[in-house]
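Q: Take this structure, written in structure tokens, and hold onto it; I'll ask about it next.
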Number of protein chains: 2
Amino acid sequence: MALRLGLLLPLLLGQLCSQLLGTSGDSILHYWDLRADNGSWRPKRTQDNGSEVSAHTLLFSLDYQHVQVPFEITLWIMLASLAKIGFHLYNKIPTVVPESCLLIFVGLIMGGLIYSLNDKSPPVMNSDIFFLYLLPPIVLDAGYFMPSRPFFENIGTILLYAVVGTIWNAFGIGLSLYGICQVKYFNLQDVPLLHNLWFGSLIAAVDPVAVLSVFEEIHVNEKLHILVFGESLLNDAVTVVLYKLFKSFCEMPSIKPLDILAGIGKFFLVGIGGIFIGLLFGMVAAFTTRFTKTIRVIEPLFVFLYSYLSYLTAEMFHLSGIVAIIACAMSMKRYVEANISQKSHTTIKYFMKMWSSVSDTLIFIFLGVSTIGNNHEWNWPYICFTVIFCLFWRALGVLVLTFFVNKCHVNTVTRKDQFIIAYGGLRGAICFSLVFLLPEFSRKKLFIAATTVVILFTVIVQGMTIRPLVDLLDVTRRRETSPTVSEQILIRFFDHLLAGIEDISGHWGQYYWKDKLEYFNSMYLQKILLREYDQPKSSIVLLYEKLERKHAIELAEAGQLIHTPSSTSLL
Amino acid sequence: MALRLGLLLPLLLGQLCSQLLGTSGDSILHYWDLRADNGSWRPKRTQDNGSEVSAHTLLFSLDYQHVQVPFEITLWIMLASLAKIGFHLYNKIPTVVPESCLLIFVGLIMGGLIYSLNDKSPPVMNSDIFFLYLLPPIVLDAGYFMPSRPFFENIGTILLYAVVGTIWNAFGIGLSLYGICQVKYFNLQDVPLLHNLWFGSLIAAVDPVAVLSVFEEIHVNEKLHILVFGESLLNDAVTVVLYKLFKSFCEMPSIKPLDILAGIGKFFLVGIGGIFIGLLFGMVAAFTTRFTKTIRVIEPLFVFLYSYLSYLTAEMFHLSGIVAIIACAMSMKRYVEANISQKSHTTIKYFMKMWSSVSDTLIFIFLGVSTIGNNHEWNWPYICFTVIFCLFWRALGVLVLTFFVNKCHVNTVTRKDQFIIAYGGLRGAICFSLVFLLPEFSRKKLFIAATTVVILFTVIVQGMTIRPLVDLLDVTRRRETSPTVSEQILIRFFDHLLAGIEDISGHWGQYYWKDKLEYFNSMYLQKILLREYDQPKSSIVLLYEKLERKHAIELAEAGQLIHTPSSTSLL
């Protein structure tokens, strides 16, 4: 019920308001429209009859344009939230179908409604809005709550998958699709190699939003999760570079080897530049929270402001915003949490989760909405082969790369894990926004159709089947209970031990570097970034205190303290 | 240091980015500009050289327009926050000068910098942005945390001040200024009566933002606070009506008695309509939170969404948005809090505080920035008399109204309180935005100058002197300690007692109605709006539990539980 309400509410209200003012019914979606000049957040017609509206003030008057933008944005968010509630009213549904699929279906229904009401294809999600407003909250949430230990333990593998894997996919898909285009029978000869590669570069990237929303629900083991998720986050740098590279290649009259070299250079620039910007803002954020003791109320703000700034700055310089915001979040977290109050911490955590879940919801709904309509060119062979190649090259890539990974690691990636990694390569809104950013050329609509199909196929088919598959293969799951103090102490102990061994043996492995970093941190960074900086306690003591505090908060918020001796409150 | 940094950061960055792209330096403030077409959130130039920017992708390229809007908004918020921190670094300053004054000074300095850098007057705060984005968070915060008991105990007095007082002020100021205009020597004869009344209607209203920010810092007794603050909130309805009324009168060729009648009718419509819309959304919000048990993460969202929708809806129908959002917040609070989790509650509370404090800061900074520049017409007599009349008519109004109030109340408003009420009638950003919304006519700049002076005078002079005055008169302060359980039980007991007495004596006073409302609430509303609805507990038991929970949370968040037996966390 709530779901259905959530569906129709914004639509009908929007229609109503628009009809009342004799404006065309699509105004409610106007600014989601690519064809609207980017970022102009209010339909042109505002300027037109804005004056005439405020003329008859004495009668019962209505001025919709005045509030249109915030009103419609609020309604859309409301729809998203109500839809979410709608699903969770029936506990059965979300256990079978992942939420992302449900949301896409909602979007499809809405798109159909809009289509039927306006007799014109509903507008598509504006790429600017996606990249500037919807994506950052999700990535920030992901980065801020990224389990740093497994992430850094597997950083090598993740980077291999993210960088080599994505390039492999891009070229694999691009080239093999070019091969398909050569088949006279499919009459696709007019699609040049560069366009195929360009398309490959945008379809190759695994989408963090989709991966997150699916893997959140199937609780696979931590390592598997971080491998897929970390890849989906870090491959952004590669995607940005490849996409921009092929874009400029297409624009250039001729491609010199120098350009390709520049492209490779650009790749390092984009990745490392992103990390650098992220770290910079992260440090500044941590430093800022040193001074918020007297004014707790705006503490949470800085986490959001600085990380968003890092994202925007990176985007501004055509670096990888995702990498930047993740570096920022991961670097600031530790110091910020030490500086701010518990309540600010709760606010940050819950607001972040809320925000990301909302924009996640909006993204999938708009994916659905944007699917409907007649901006697709249908060509069976091309589309089918795109899906096949996406699956094939990813599977092959994972197999080959994991072979090398397992050569130089002790705890190897099992066959099951490899299958899930390959199968979990979902595509999502990023590809979608990128394909719409393509300049207008003859076959753009074909690419749009292919991308849409790939996204729907991966999110819906793979998304729905991955959970049963995980059960079937019984992939080792994530342990539900959080580690006890004694366990954590042991882990710490072994870290120190291994660091020592590595140091003696002269083999500078991760433990060695981790130890050095820890030393640098306690020697310099903490002195600068933390407010109450007393003598560095042993990490084990700190851990103990942390667990204690966590425990206390949990108790209180579970309301289990209500029956503690309450003498204090009686006076 | 941080303050100075905060000051220059956005400005210089903005300048830098703009210079880099050869765009004019004022781009950073472009969308705060009234002359920019309202709501067009991106400077026109984006479309112009947006393409040319993304041409050289292989080199190190920068695309500022792409991120301009969010980037600059973020920078402004950052400036506001850093300025706040800057003040609080030196604990002496805020104790002497209220924050609002400091912020206005910051704004003035910034305005000066921009003025000197661009050799053109800095842009003024866009009224749309103020009313749609900056004002609602503050009012929501105010309404959500409004102490309902003193508010409803004094509702009669508050309404009297808000409605009669504001009308009194508007006409008093308007008419006496018209009188001034008749003096040949001042050569102001060209200012007609209607324009004076119009000006009076916009300058008459006490500003909630200014009042809040000043009275938050001087802890006067609860009753005095609620009288001034309640008036400043509720007079919005009157202001809206009077302003629109005179606006339409000015536009009309001739004014018929019917129009005046319509105006009076409109007044009730605006006020009661606002309340109705607010209650409606409040109830829906409470009802929605019934179903969020399975998906806690988006609970806080609904409080913000529904209250904002109520505000926008009211604005859309030209009703009083402030009244609507307050009614919404006050009505939903009780049920929402019963439905949502403690963590969501903390998130709502702290995020609301954060948000309102930020937009409060922004408002005062922009007041300062907008003051600088050459959009003022200076006429000594008119401006001086405006200030004088504002003070005079308010003082007189308070005296007269309080006389009647004291006649029919037991606990009267003392002379001291009356003085503080009269003296606390600060003007603020609402007047400022309204005066800029005036249509272009010969003397608009004079009105702008007068309004600016009145605001600066009230906020700075009165704002800075009110605290010493309160000390001097030693006005009864707010009690710092929160009432104990026993006290609250007594209060409840007396409520019931008085309700009974009133019922028997047949005199239907506030206690009678409160009792009836309470009955209706427990009989019907709670059944519909609350999730876990068990047998209605005695209000005293509920109170006890509430205090207990509060106490537990406080303990946990003060970290006092760290040394409780921690066996559980050791497993």
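Q: With the condition kept exactly as written, say whether any residue in segment A:293-302 is of a type outside the set (Ser, Thr, Tyr) and not in a helix (DSSP H, G or I).
A: The answer is yes; a qualifying residue exists.
Q: Could you identify the single residue in B:Glu502, B:Glu440 that is under 30 Å from B:Ile104 (Cβ atoms) and of a type in the set (Asp, Glu)? Break it down stepwise before answering.
A: Working: B:Glu502 fails: under 30 Å from B:Ile104 (Cβ atoms).
Unique residue meeting the criteria: B:Glu440.
Q: Take the conditions at the interface with chain B (Cβ under 9 Å from one of its Cβ atoms), without any contact (Cβ under 8 Å) to a residue 24 or more places away in the chain and either open to solvent by less than 10 Å² (accessible area, probe 1.4 Å) or not in a helix (DSSP H, G or I) (or both) and apply them to A:Ser254. Does it pass?
A: Criteria not met by A:Ser254.
Q: Specify the residue that is least open to solvent (accessible area, probe 1.4 Å); the eligible residues are those in segment B:480-490 that are under 25 Å from B:Lys514 (Cα atoms) and at pLDDT below 80.
A: Within segment B:480-490, the match that is least open to solvent (accessible area, probe 1.4 Å) is B:Val485.
Q: Which number in (1) among the charged types (D, E, K, R); (2) open to solvent by 10 Å² or more (accessible area, probe 1.4 Å); (3) within 13 Å of another protein chain (Cβ to nearest Cβ) marks the one condition that A:Glu299 misses?
A: (2)
Q: Assuming A:Ser442 fulfils every condition listed in (1) more than 30 Å from A:Leu367 (Cα to Cα); (2) surrounded by fewer than 13 Cβ atoms within 10 Å (Cβ to Cβ) apart from one, which condition is it?
A: For A:Ser442, the exception is condition (1).
Q: Let me ask another. Among the residues of segment B:372-391, which ones are touching a residue at least 40 places away in the same chain (Cβ under 8 Å) and hydrophobic (A, V, I, L, M, F, W, C)?
A: Of everything in segment B:372-391, those that are touching a residue at least 40 places away in the same chain (Cβ under 8 Å) and hydrophobic (A, V, I, L, M, F, W, C) turn out to be B:Ile372, B:Trp378, B:Ile383, B:Phe385, B:Val387, B:Phe389, B:Cys390.
Q: Give the number of residues within segment A:79-125 that are free of Cβ contacts under 8 Å to residues at least 60 places away in the same chain and within 19 Å of A:Asp360 (Cβ to Cβ).
A: Number satisfying all stated conditions: 4.
Q: Hey, can you tell me all the residues within segment B:262-280 that are open to solvent by 40 Å² or more (accessible area, probe 1.4 Å) and more than 10 Å from chain A (Cβ to nearest Cβ)?
A: B:Ile264, B:Phe267, B:Phe268, B:Ile272, B:Ile275, B:Phe276, B:Leu279, B:Leu280
Q: OK, next. Sort through B:Gly174, B:Gly179 and tell me the only one that's surrounded by fewer than 16 Cβ atoms within 10 Å (Cβ to Cβ) and either among the charged types (D, E, K, R) or without any contact (Cβ under 8 Å) to a residue 60 or more places away in the chain (or both). Even if it seems obvious, please write down each step before you answer.
A: Values: B:Gly174 fails: surrounded by fewer than 16 Cβ atoms within 10 Å (Cβ to Cβ).
Step by step, each of B:Gly174, B:Gly179 is checked, and only B:Gly179 is surrounded by fewer than 16 Cβ atoms within 10 Å (Cβ to Cβ) and either among the charged types (D, E, K, R) or without any contact (Cβ under 8 Å) to a residue 60 or more places away in the chain (or both).
Q: With the structure loaded, tell me whether B:Ala237 is closer than 22 Å to B:Thr476 by Cα and either modelled with pLDDT of 90 or more or not in a loop (DSSP other than H, G, I, E, B) (or both) or whether it fails that test.
A: Criteria not met by B:Ala237.
Q: State which residue pairs qualify: first residue under 17 Å from A:Leu438 (Cα atoms) and free of Cβ contacts under 8 Å to residues at least 60 places away in the same chain and inside segment A:231-242, second residue of a type in the set (Phe, Trp, Tyr) and assigned to a helix (DSSP H, G or I) in any location, beta carbons under 8 Å apart, and separation of 6 or more residues or different chains.
A: Correct list of pairs: A:Val241/A:Phe267.
Q: State whether one or more residues within segment B:307-317 are more than 10 Å from chain A (Cβ to nearest Cβ) and under 22 Å from B:Val241 (Cβ atoms).
A: yes
Q: Still on this model: From the list A:Met330, A:Met352, A:Met316, exactly one residue is touching a helix residue (DSSP H, G or I) at 6+ places or on another chain (Cβ under 7 Å) and open to solvent by 30 Å² or more (accessible area, probe 1.4 Å). Which is it?
A: None of the others qualify; the one that does is A:Met330.
Q: Provide a single number: the residues in segment B:445-471 that are among the aliphatic types (A, V, I, L, M) and open to solvent by 20 Å² or more (accessible area, probe 1.4 Å). Explain how you work it out, then say what you get.
A: Of all residues in segment B:445-471, those among the aliphatic types (A, V, I, L, M) come to B:446, B:448-450, B:453-456, B:459-461, B:464, B:466, B:469-470.
Okay, now just the ones that are also open to solvent by 20 Å² or more (accessible area, probe 1.4 Å), so B:453, B:456, B:460-461, B:464, B:469.
Number of matching residues: 6.
Q: Further question: From A:Pro136, A:Pro123, grab the single residue that is within 24 Å of the chain's Cα centre (by Cα), within 30 Å of B:Phe71 (Cα to Cα) and part of a helix (DSSP H, G or I).
A: A:Pro136
Q: Hey, can you tell me all the residues within segment B:69-89 that are over 23 Å from B:Ala210 (Cβ atoms), facing chain A (nearest Cβ under 7 Å) and open to solvent by 30 Å² or more (accessible area, probe 1.4 Å)?
A: B:Leu89
Q: For segment A:200-230, name all the residues that are part of a helix (DSSP H, G or I) and in contact with a Leu (Cβ under 7 Å, 6 or more places away or on another chain).
A: Initial filter on segment A:200-230 (part of a helix (DSSP H, G or I)): A:200-203, A:208-215, A:222-230.
A:Gly200, A:Ser201, A:Leu202, A:Pro208, A:Ala210, A:Val211, A:Val214, A:Phe229 - these are the residues of segment A:200-230 that are part of a helix (DSSP H, G or I) and in contact with a Leu (Cβ under 7 Å, 6 or more places away or on another chain).
Q: Now, a different point. Return yes or no: is A:Ile295 in contact with a Ser or Thr (Cβ under 7 Å, 6 or more places away or on another chain) and either over 30 Å from B:Lys353 (Cβ atoms) or not aromatic (Phe, Trp, Tyr) (or both)?
A: No: the conditions fail for A:Ile295.
Q: Also, quick follow-up: Please work out if A:Lys92 is more than 10 Å from chain B (Cβ to nearest Cβ), of a type outside the set (A, V, I, L, M, F, W, C) and either within 26 Å of the chain's Cα centre (by Cα) or open to solvent by 40 Å² or more (accessible area, probe 1.4 Å) (or both).
A: Values: more than 10 Å from chain B (Cβ to nearest Cβ): yes; of a type outside the set (A, V, I, L, M, F, W, C): yes; either within 26 Å of the chain's Cα centre (by Cα) or open to solvent by 40 Å² or more (accessible area, probe 1.4 Å) (or both): yes.
Yes: the conditions hold for A:Lys92.
Q: Give segment B:391-408 a look and list any residue that's surrounded by 14 or more Cβ atoms within 10 Å (Cβ to Cβ) and not hydrophobic (A, V, I, L, M, F, W, C), or say none.
A: Across segment B:391-408, the qualifying residues are B:Arg394, B:Gly397, B:Thr402, B:Asn406.
Q: Residues of segment B:207-225 being at pLDDT below 85 and under 18 Å from the mean Cα position of the chain (by Cα), which ones?
A: Residues satisfying the conditions are B:Glu216, B:Glu217, B:Ile218.
Q: Within the set of pairs 6 or more residues apart or between chains, which connect a residue that is under 11 Å from B:Leu399 (Cα atoms) and of a type in the set (Asp, Glu) inside segment B:414-425 to a residue that is part of a helix (DSSP H, G or I) and open to solvent by less than 20 Å² (accessible area, probe 1.4 Å) with Cβ atoms less than 8 Å apart?
A: Within 8 Å, the pairs are B:Asp417/B:Leu224; B:Asp417/B:Leu227.
Q: Also: For B:Asp474, state whether it is open to solvent by 70 Å² or more (accessible area, probe 1.4 Å) and assigned to a loop (DSSP other than H, G, I, E, B).
A: It is true that B:Asp474 is open to solvent by 70 Å² or more (accessible area, probe 1.4 Å) and assigned to a loop (DSSP other than H, G, I, E, B).
Q: Moving on. Out of the residues in segment B:208-229 meeting the condition of being touching a Phe, Trp or Tyr at 6+ places or on another chain (Cβ under 7 Å) and either of a type in the set (Gly, Ala, Ser) or open to solvent by 20 Å² or more (accessible area, probe 1.4 Å) (or both), tell me which one is nearest to B:Met464 (Cα to Cα).
A: B:Leu212
Q: Scan segment B:92-141 for residues that are of a type in the set (Phe, Trp, Tyr) and touching a helix residue (DSSP H, G or I) at 6+ places or on another chain (Cβ under 6 Å) and report the count.
A: Number satisfying all stated conditions: 1.
Q: Please go through segment A:318-352 and give me each residue that is among the basic types (Lys, Arg) and more than 9 Å from chain B (Cβ to nearest Cβ), ordered by number.
A: Of everything in segment A:318-352, those that are among the basic types (Lys, Arg) and more than 9 Å from chain B (Cβ to nearest Cβ) turn out to be A:Lys333, A:Arg334.
Yes/no per residue for (1) under 30 Å from A:Thr289 (Cβ atoms); (2) at pLDDT 80 or above; (3) open to solvent by less than 80 Å² (accessible area, probe 1.4 Å):
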residue: A:Arg492; (1), (2), (3): yes, no, yes
residue: A:His496; (1), (2), (3): yes, no, no
residue: A:Gly500; (1), (2), (3): no, yes, yes
residue: A:Trp508; (1), (2), (3): no, no, no
residue: A:Leu517; (1), (2), (3): yes, yes, no
residue: A:Ser522; (1), (2), (3): yes, no, yes
residue: A:Leu525; (1), (2), (3): yes, yes, yes
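The values are calculated or read from the model by the stated rules, or taken from the named source; none is laboratory data. Everything numeric in this text was worked out from a predicted model, so none of it was measured. Methodologically, a virtual Cβ is constructed for each residue, glycine included, from the backbone with ideal geometry; neighbour enumeration extends over all protein chains shown. Side chains are part of the model used for accessible areas, which takes the heavy atoms of the whole protein and leaves out ligands, DNA and RNA. Shrake-Rupley method; radii C 1.70, N 1.55, O 1.52, S 1.80 Å.
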